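Asker: Take a look at this one; I'll ask things after.
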Amino acid sequence: MERKKAVALKYDKAKHSAPVVSAKGRGIVAENIIQEAVKHNIPLQEDSALIEMLLEVELNESIPEELYEVIAEVLSFVYQLHQKEKNDSPDMKIEGLLK
């Protein structure tokens, strides 16, 4: 059985010019990241190829420029979910988890 993998992204445009890897791991660490995301209603999205690329990024580092477009699609999905749940300002912090 393949071990679970997870990467959490955070984007706060007031602090960073690009999304940042806020947590990442495999196995039990990935399971804990996923549990925390579920507990805090952070949307999950599965993309195994993207996970592999993001696992190479150091913690608290911005994603590489070549991933901007695909991550923008992920964050757009997350933003739309947040907008449906509550009417936040466009400057809100966005968090998402890829597993």
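Asker: State all residues of segment 16-61 that are of a type in the set (Lys, Arg) and under 11 Å from the mean Cα position of the chain (by Cα); if no residue qualifies, say none.
Answerer: Scanning segment 16-61 gives a single hit, 24.
Asker: To continue, here is another question. Conditions first: (1) more than 24 Å from residue 82 (Cβ to Cβ); (2) touching a residue at least 12 places away in the same chain (Cβ under 8 Å); (3) touching a helix residue (DSSP H, G or I) at 6+ places or on another chain (Cβ under 9 Å). Residue 54 passes all but one, so which condition is the exception?
Answerer: Single failed check for residue 54: (1).
Asker: Please go through segment 9-22 and give me each residue that is free of Cβ contacts under 8 Å to residues at least 60 places away in the same chain and either assigned to a strand (DSSP E or B) or polar (S, T, N, Q) (or both), ordered by number.
Answerer: 17, 20, 21
Asker: Also, quick follow-up: Confirm whether residue 33 is touching a residue at least 40 places away in the same chain (Cβ under 8 Å) and more than 20 Å from residue 81 (Cα to Cα).
Answerer: no
No lab work stands behind these numbers, since they all come straight from the coordinates. None of the values given here were measured: they were computed from a predicted structure. We place every Cβ from the backbone using ideal geometry, glycine too, and count neighbours over all the protein chains shown.
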